[in-house]
Structures are given as C-alpha cells and as structure tokens.
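Enquirer: Pasting in a structure now, in structure tokens, and then I'll have a few things to ask.
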Amino acid sequence: MKLVVVGHGMVGQRLLESLAARAATRDWEITVLAEETRRAYDRVRLSAYFDGVSAEELSYDVPAGVDLRLGEPALAIDPGSRKVTTAREMLTYDALVLATGSYPFVPPVEGADRPGVFVYRTLDDLERIREYAAGKRVGAVIGGGLLGLEAANALRLLGLATHVVEFAPRLMPLQVDEAGGAVLKQYVEELGVVTHLGAATTAIRGERPGSPANGLVLSTGAWVPADIVVIAAGVRPRDDLARGAGLPVGARGGVIVDDGCRTADPAVYAIGEVAEIGGRCYGLVAPGYAMAEVVADRLLGGAATFPGADTSTKLKLLGVDVASFGDALTPDKAATDRLDVVYLDPANKVYAKLVLSDDARTLLGGVLVGDASAYPTLRASLGGELPAAPLTLLAPAGEQADISLPGTAQVCTCNAVTKDQVLGAIAEGCCDVPAIKSCTRAGTSCGSCVPLLKQLLAEAGVVADKSLCEHFSYSRAELFDIVKVRGLRTFSQVITEHGTGGRGCDICKPVVASILASLHNEYILDGEQAALQDTNDHFLANMQRNGTYSVVPRIPGGEITPEKLIAIGEVARDFDLYTKITGGQRIDLFGARVEQLPQIWQRLIDAGFESGHAYGKALRTIKSCVGSTWCRYGVQDSVGLAIALELRYRGLRAPHKIKSAVSGCARECAEAKGKDFGIIATEAGWNLYVGGNGGFRPRHADLLASDLTTEELIRYVDRFLMFYIRTADRLQRTSAWIEAVGLDYVREVIVADSLGIAGELDAMMAQHIGSYHDEWKATLDDPVRLSRFVSFVNAPETPDPTIQFTRERGQIVPLQIGTVTPTGSVT
Amino acid sequence: MAMKWETVCPYGRLETERGIAALIGRETQVALFRLFDGAVHAIGNVDPITGAAVLSRGIVGTRGAAPTVASPLYKEVYDLRTGECLDKPGVAVPVYPVRVRDGLVEVGVG
Ligand code: SRM
Ligand SMILES: Cc1cc2nc3c(=O)[nH]c(=O)nc-3n(C[C@H](O)[C@H](O)[C@H](O)COP(=O)(O)OP(=O)(O)OC[C@H]3O[C@@H](n4cnc5c(N)ncnc54)[C@H](O)[C@@H]3O)c2cc1C
Ligand code: SF4
Ligand code: FES
C-alpha cells in the first residue's frame, strides 16, 4: 500500500519515526514530498543557528526505506482519484497525510514587500537574515510574542541595536499575564532591546518606493529606525492543498479533522500546525507529535484518538526563563471559582502566579517569569492536587521541599509520558537519563522535563554511576579525597586498597597520576608514577598523528625577547621542525622524533626556556594584551600581571587543562572571558571572571569578584584553582564544573570561606609554588630519566623508518601514513 | 624454518607496566611490555588504525582478565596476549614469542 506524506517538517518527521518504530515500512511504501530543499530539522531550536549550531546539527535522520523527495512540493491533490501532483510526476496513494505546517502571517502593512523585510520560520530565512544584517546597525521586529522575542535575540546576536513593536499592551500576550509581562519587559530592556508596546506598525518606510527598508511608522506616530525588519506576527495554517481539493477548513484556516486526525475524506489525514482539531489549531510541536502518533496507529489499523493537548511552554528568551502552563490567563478578578496565588520579588525580578481551584487544592495553570525551576513539577501536577503548599513550590530553587507527584502526572508533555511510565522504565533497568530517553522518549523533544527525570531517578534510589572505569567505583573527586586523607603515594596502594581488581587502564591511571601530581608536585616520571602517564606526559611532549612530537616552550604572557625568538628559530632550523604560532600566544615546533627531544630541550633550556606543559592537563598559557605600558586605552599593566600569574601557576596539574588571560581594559583584547579564569583591568583594580571556555562548548566566564587589588586577586585565583582541582571530575573544564556546583557556591567558598577550607586551599597552593621545578631540566639532569627517549631499545639512534615527511610552503609536513579514523576521545 | 631468537635488551631495561620499541631486522617493529607480575609480552608496534609506530608508548593495564595496552593516539585497547583490538572487532596486531634468558629479553622471529 502506498502512503504519501506531504511536508517534511517536525511533525512529518515524527510520523516517519513512529512508523519506523512500528516496522510499518513492511506494509507501507512511503513517499515524502518536501518543499524545503533540506531534510526536516528542529524548528523549535531554530534560533540556535545564530548561536553557532549548524544546520546539520539541527537536522534529523530520516528512517530507512522512506523515499524522501526534497525540493519537490505537492502542487495539488485529488481525493477522488487519490492522486497527488508534483512538478515532476503524479503519484497515487492509498493514504495521504498533510503535514504542511504554517506560514508566517505578514500583515497588510504598506512597504512589507521592501528589501530588508524578512519572516522567521525556516533555516533559509535565517540564512538570508544573517547575510543581510552584515554591516547593518539597527533592526526592528514586528511582534512581541514568543517568536518575536526570539527574532529580537537573533538580531542582538548579529550585533544590531534592536527594537520590538507589539500591538498588545504587554510582551508575550498569549503566554503571560500583565504582571508577568511587566517583569519580562524589565529584563528585555536591560538587555538593550527597546520595546514599543500597544503600538501597531502602520508602514515600513524606505527612501523611495521599492528601495530597502529604513524604518517603521507606528500608530502612536513614533518613528523607529530599522535597516532590517523581521515580521513575527503569528502564523497561518498552510491549508491551500486541502482547500483546492474541496476538503473543509476552519473559519480561521486549518484543515478540519476528527479526533482520529482524519479529514472529511477518510483516506486523507492532517497533522501538526495545518490541522484544526477540536475546533482549534495548535502552534506548538507537542500537540503535533500527539497527532503523528495517532495517525501512525491508525495506519496500522489501530483506533487511537487525539488525547487533547497541553499548550504549556517554557522558554529561555534572551536569557530569561519564562513558563506558562494550563489555564494561566483567566481574568484575575472576574472568576470567583478560582484563586490566584501571586509571588512577586521585584528586586530579583521574579514573578510567579498559580491559578488554583477555589478550594486551593487543584492546580489549573500558572505563569513563571525570571525563575522557572518549578516548572517541571508544576506542569506535571496540572489538573491534579498540588504536591505541596503553593509558596513552597514557588520558592527559589534550592529551597524547595520534597515534592512528590502522583503516578498519573505527565512528566514529559511533549511525548505524553507519565511518572508511572518513567518509574516502570527505571524498574526495568534504565539507570540514567539517556536510557530513559531511548526507552520512553521522555525528554527527547524540548528537554524541559530532564530535571524531573533526574529527580525521579534519584527518588527511585538509582545512584548515578560515577565510577571512573571498571577499576574504581569512585568519582575523581572522591578518589582525590581518599588519596589525600590516606596520604597514599603510589598507584599500587590506591588500586589494591581502593580498586575493584585488575591493574588499571588508560582512564584511571592518568587520573591517579594527576591527583598525585596536584598533591605532591614531584617529578612525574619517577618510580611507579612513570607507568601512569599518558604518552604526552610520559615524553613531556605532544604526540602527533605520525608518532612524532611537538615542542612548546613556555612564553609567559606571550612576551618574548628578540634573543629568545632567535634561539627558537635556530633550534627549529637546526632540527628542521615545522614552526607555527599557536592560538595561545606561543610557538609550537612540530615533527620532533622521540630520540631528538632531549637534544632539542637542551638547546632550549640553554637559551633560558622551560617546559610549557602543552602536553599536560595543567596550566597552559596566560595570554595578555599589551596593556597600559603601551596601549593608549590600558588602565593596568596586563602583561606584568599575566607573567606573574603564569609563573605562579606553571606546572599546576588539574582535572583538565587550565587557560587564562589578562586584558588591560574593558576592550578585552586578550579574550579573558573565554578562559578558565580571566582578568580584566578596571580603573580601580581587577575584575576576576571564572568558568570561561572556548573549544567544544564555548561559554563566557562569570564575574566572580570586581575591583580587586592584586593581592586579593591572587588569593581568590589560588583558592579557585585548588577548589576546582579538589572537586572536579575527570576531564571536566572549569566551565562545566562551575555549572555543576554553581557560581554562588564557589563564590561563598572562595570569598567568604563558607566551608572553612580557605586556609587549606591556600596552603595547597603554597606547597605547589614552593615545589615547582622544570620537568625538562630535571629530565636532562638525570641519565636514567633520559634513557627512555630512544627510538628502539636495541637501536637507540636509528630513526623510526615509518616517519616520513614531505615539504609544504617551505616546511616539513608528515607524509600520510595511514587512514586515520578517530574514535574515542582525543585528550 | 626453525624459529630464531633475537636478543634485544637486558630485562632490566624494561620498565614495569610500560612498553618500549625494538627493531628486528630493518623493518619489523616490535613493542615489548613488562607487566606488573614481571611477565613480558611482544606485539607489533604499528597502530593499525593510524599506521603510526606508537603502540609501545601506550598505557598498560587490564580489561577484565586481559592484560592490555591502549594506543596513545585514539585509545583503542589491545589484548597483549592475542594482539586483538578489544574495541574494534576484526582489527588486530601481530603477536611475537618472547622469553627472558640469562637476564636478556629475546624475541622469536622467522
Ligand atoms: C597548538 C594549538 C593550535 C594552534 O596551532 O594554535 C592547539 C593544539 C591542540 N589542541 Fe587546542 N590548541 C591550541 C589552542 C587552543 C585554544 C585557543 C586558546 O587556548 O586560546 C582552544 C580553545 C580555548 C579553550 O580551551 O577553552 C583549544 C581547544 C582545544 C580543545 C577543546 C577544549 C574544550 O574544553 O572543549 C582540545 C581537546 C581537549 O583538550 O580535550 C584541544 C586539544 C588540542 C591538542 C592537544 C589535541 C591533541 O591531543 O593532539 C592539540 C595539541 C597540539 C600539539 O601537539 O601541540 N584544544 N585549543 C594551540 C596551542 C595553544 C598553546 O600555546 O598552548
Ligand atoms: C523560531 C521558532 C521557534 C519555535 N519555538 C517553539 C517552542 O519553543 N515550542 C513549541 O512547541 N513550538 C515552537 N515553534 C513551533 C514549532 O516549530 C511548530 O509547531 C512545528 O514545527 C510544527 O510542525 P509541522 O510539521 O506541523 O510544521 P513545519 O515544521 O513547519 O513543517 C511543515 C513542512 O511542510 C512543508 N510544506 C508546506 N507545504 C508543502 C507542500 N505543498 N508540499 C511539500 N511540503 C510542504 C514546509 O516547507 C515545511 O517544511 C517554534 C517555531 C519557530 C519558527
Ligand atoms: S584590552 Fe585595552 S589595554 Fe589591552 S590592548 Fe586592548 S585596548 Fe589596549
Ligand atoms: S516535556 Fe518536552 S521533552 Fe519532555
């Protein structure tokens, strides 16, 4: 039998997945007609595209056995003869599913067709916006709803001064009430977005008819300048195919379907935003998914019906948590059969309202602005009894009492999964969130229920498995405490007394090596410790793809004398090493064979260099800008501080590498906010930022303390680093660690000494600084240590014959020796 | 042809739970490992995934009962007894006979 699906959007995709999950491809030959030229993607996360998430990452995998025709829209359907026409051919069907979604509504405003006016619905729209916005200064968004605020954020991210025009007297009129809207407005304006509320756009103006937009005229008479205009004024169902075929549509559009998602013609279904079900169209993905499930069931002979929809939403808009659920917008006074419980904290910009039945027992709906941590619990309680007193539920995160939901409560609304179903999955052996996801689908869509899933796991007594590897059932932090408290010095002691058997592996050995190094700071390659080190630490250099090593001498703060530059140049020339300036303000020499490392380092040490620890999970570089010494804007000596800090923390081993930077003023030329700890000069001293990261998941650092003296700064950095070293997980950068433990907590420990361990942290750092030694110098001074730097134990001088180079742009490059298929983690 | 034993180095040159490379003839690279219990194993030194001669520089350990080494490049783990890659079925490195005689390590070739 033949199934034709029209539209490959989120809901069409969900239908395909459900059919695949039920092995329906055996009964149905499935063709999908898609208007867009790319396969379905996560439209809900569309705006992430401006945060650097690629189109590919947003896209879904198409189940096997589906004939997907990209860029081939359906032009007409004929229910009588069961035929669909495309520009290429005529297809026959036994069942047809319309999943054509919506189109953005563009109000009939004068000038809406000018260049520079866009809508916000597809990846192509976003690409066009990004292209057009380059070099522009001001943007305006028409529409202050959910979509409008997302678009406004996008314009901000593109570097434009941003205006939002909303017809209603508050932002997000469909989701939040008046008081919530006021708090939201406060947030949005603090971000520099100018709001124009209670105003309609009467015209989009440009210099001449047909020339690009340069501003908006509002019904209030105001003029809003705008080089680019994004219209986000709502959506309309794409019901044209159905209309053309004579299938009934609703008064405000939308293909009318029954609770089995069937149109007036039983062979034609409609799902998602294009469908009008129970008298309404839904502009959210969860109801669409529910419809997709209904149709998947029906196509296999079932009789599922649409269970009704929850239109709850939770968003993080412009960094503000906003949530609305259930029946939140009942007029505050008129209704006598319901009670409003309102919580307003203007100082912290938190607003919450719960709508309860008149006996104050049943939760009917609510609105949260500023702090939505209670959302998963509240939403799951909708229509049922409140699991705790209202104010307990609304109390800021962390102060919440134990709350338990009834088993029938829907934990994941996107996928209609109840608490009982999740508990059932846990009982059947799902022991972490990914397992629950794949077994129940809970948490796989908007993700807002994931905290609740974690809570259920914890309640069920499933302890998240933090075992390092098969040899230790402890986390790195626990192992750190064990080693420290018991004063253990060797891996053998650690594994025989605290391991689970065996002799370790490439995961636990480097962890123990790093803990021993952080605690004792001894030469890392003596005795048993030698066996623990990763190859990079073992040879004090970074292994490259062809088995050669790179050499990175320390260049503190990026400052270097001409003599030292010449010395590096001479070494590179004499050993014929590929030479490159790194992203960390220093110089990397590549292509050294293992037996050459000691000779190269002898030359570098003679010229006054020391190890740069590019190979270690250790302090890397402290970048600097020129600062007040030279720069006309500088307010402090950033180079001097960077050098002092790099020398203070050099050689410090940690759960992961540590990077830092110091900028001489707020222009931030050293990019300190992208570092594990970053320092920015102020007129009064230094601001200290922590938890920044470039790399895989970039994160801007958070301000820990401001206007510090140099002495205070150093004290806080000392404690920050030692607290991180003691408590972080294996390979956890400070960014992830801060998110796990919380910035406020870290601040309390470091600044207010809330745990009373500051003295101990200070002493640990003092011990590190006092025992610093250059590893390369220590190696060269000792013939035994040197003996491992040989190519072959029986032919120490013979170069590895597999290492071969060719030349490119005047320097050596490795000759490709094999096909590299990276697998595990490259650390 | 009968197996020839080639002497590569004194046993004392092997570090506990580390490897070292030896060159047999002009081309054959063997990675020698000394385990915690003193046993010696020899496998091919070339990492089959990358073609780089680096296995002797990986971390030695155990997986279940198997003594192992993890390739230092992309961390695939090999069983030192069989040469089999425990992470990628079908991938393996050669295993060489090895013995200690009069304090000298000998590798069987031919
Ligand atoms: C050489 C250099 C690239 C360059 O030519 O510029 C480089 C090279 C490597 N980086 Fe990097 N990174 C270099 C700057 C950076 C930067 C930029 C910076 O430091 O300002 C970043 C982003 C900033 C950050 O870390 O937050 C960076 C983010 C990474 C990451 C991702 C870390 C993350 O948290 O997501 C890795 C992978 C890892 O560490 O697990 C990585 C890993 C590596 C490794 C160690 C990969 C490896 O195991 O072979 C490369 C070693 C090269 C070698 O043998 O020397 N490199 N790497 C840079 C050395 C800087 C230095 O002087 O020490
Ligand atoms: C920026 C943004 C943010 C959003 N945020 C949220 C959110 O936080 N929460 C939430 O629940 N929802 C959100 N939504 C709404 C959500 O994306 C939609 O509800 C969902 O995508 C609807 O799925 P659908 O398959 O019905 O329609 P769509 O995903 O729009 O897919 C319809 C597809 O059909 C194609 N099509 C149309 N006509 C034809 C034809 N004749 N032939 C072939 N193909 C055709 C279209 O090109 C489109 O690709 C957001 C939407 C946007 C744009
Ligand atoms: S950060 Fe400031 S002091 Fe440093 S170079 Fe930039 S403008 Fe100059
Ligand atoms: S509620 Fe959206 S994924 Fe669970």
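The values are calculated or read from the model by the stated rules, or taken from the named source; none is laboratory data. On a predicted model such as this, the values are computed, not experimentally measured, just so you know. Ideal geometry is used to build each Cβ from the backbone, glycine not excepted, and the neighbour counts take in all protein chains shown.
Enquirer: Could you grab the pairs with beta carbons closer than 7 Å, sequence gap of 6+ or different chains, first residue in segment A:286-309 and in contact (Cβ under 8 Å) with a residue 12 or more places away in the chain, second one within 16 Å of ligand 1 (Cβ to nearest atom)?
Expert: Taking only residues 6 or more apart or on different chains, not a single pair turns up.
Enquirer: With a cut-off of at least 1 residues that are more than 8 Å from chain A (Cβ to nearest Cβ) and within 10 Å of the chain's Cα centre (by Cα), name the strands (runs of 3 or more DSSP E) lying wholly within segment B:2-110.
Expert: Hits in segment B:2-110: B:18-24, B:28-34, B:40-44, B:66-70, B:77-79, B:98-101.
Enquirer: Checking the conditions here, which among A:48, A:23, A:99 is in the same structural domain as residue A:294 (by TED's automatic domain parsing), under 18 Å from residue A:285 (Cα atoms) and free of Cβ contacts under 8 Å to residues at least 12 places away in the same chain?
Expert: A:48
Enquirer: (1) within 16 Å of ligand 3 (Cβ to nearest atom); (2) among the basic types (Lys, Arg); (3) surrounded by fewer than 24 Cβ atoms within 10 Å (Cβ to Cβ): which one isn't true of residue A:623, the others all being true?
Expert: Among (1) within 16 Å of ligand 3 (Cβ to nearest atom); (2) among the basic types (Lys, Arg); (3) surrounded by fewer than 24 Cβ atoms within 10 Å (Cβ to Cβ), the lone unmet condition for residue A:623 is (3).
Enquirer: So which residues in segment A:428-480 are within 16 Å of ligand 4 (Cβ to nearest atom) and aliphatic (A, V, I, L, M), if there are any at all?
Expert: Listed by number, the residues that qualify are A:433, A:435, A:436, A:442, A:450, A:452, A:453, A:456, A:457.
Enquirer: Return a yes/no flag: does segment A:541-557 have any residue that is among the basic types (Lys, Arg), within 30 Å of residue B:63 (Cβ to Cβ) and surrounded by fewer than 21 Cβ atoms within 10 Å (Cβ to Cβ).
Expert: yes
Residues are listed down the side, and each one gets a yes or a no for (1) closer than 24 Å to residue A:77 by Cβ; (2) part of a loop (DSSP other than H, G, I, E, B):
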| residue | (1), (2) |
| --- | --- |
| A:196 | no, no |
| A:205 | no, no |
| A:209 | no, yes |
| A:252 | yes, yes |
| A:260 | yes, yes |
| A:269 | yes, no |
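Enquirer: Just to be sure before I move on: is residue A:778 away from chain B (no Cβ under 14 Å), closer than 30 Å to residue A:715 by Cβ and surrounded by fewer than 19 Cβ atoms within 10 Å (Cβ to Cβ) in the structure I sent?
Expert: yes
Enquirer: Moving on. For segment A:262-288, what are the residues that are small (Gly, Ala, Ser), crowded, with 20+ Cβ neighbours inside 10 Å and at pLDDT 90 or above?
Expert: A:270, A:272, A:275, A:288, listed by residue number.
Enquirer: Looking at segment A:808-827 only, could you name the residues that are at pLDDT 90 or above, farther than 13 Å from residue A:590 by Cα and either of a type in the set (S, T, N, Q) or part of a strand (DSSP E or B) (or both)?
Expert: A:808
Enquirer: Counting just the residues of segment A:699-744 that are touching a strand residue (DSSP E or B) at 6+ places or on another chain (Cβ under 6 Å) and polar (S, T, N, Q), which one comes out surrounded by the most Cβ atoms within 10 Å (Cβ to Cβ)?
Expert: A:735
Enquirer: Cβ-Cβ distance below 7 Å, separation of 6 or more or different chains: which pairs start in segment A:649-670 with a residue that is under 30 Å from residue A:773 (Cβ atoms) and end on one that is near ligand 3 (Cβ under 6 Å from one of its atoms) and part of a loop (DSSP other than H, G, I, E, B)?
Expert: Close Cβ pairs satisfying both conditions: A:670/A:625.
Enquirer: Looking only at segment A:87-98, which residues are surrounded by 15 or more Cβ atoms within 10 Å (Cβ to Cβ) and farther than 23 Å from residue A:123 by Cα?
Expert: Within segment A:87-98, A:91, A:93, A:95, A:96, A:97 meet the criteria.
Enquirer: Scan segment A:645-668 residue by residue and report those that are under 16 Å from residue A:585 (Cβ atoms), out of contact with any helix residue (DSSP H, G or I) (no Cβ under 8 Å at 6 or more places or on another chain) and more than 13 Å from ligand 1 (Cβ to nearest atom).
Expert: The one that is under 16 Å from residue A:585 (Cβ atoms), out of contact with any helix residue (DSSP H, G or I) (no Cβ under 8 Å at 6 or more places or on another chain) and more than 13 Å from ligand 1 (Cβ to nearest atom): A:668.
Enquirer: Of all the residues that make up segment A:494-511, how many are more than 8 Å from every other protein chain (Cβ to nearest Cβ), modelled with pLDDT of 90 or more and at positive phi?
Expert: 0
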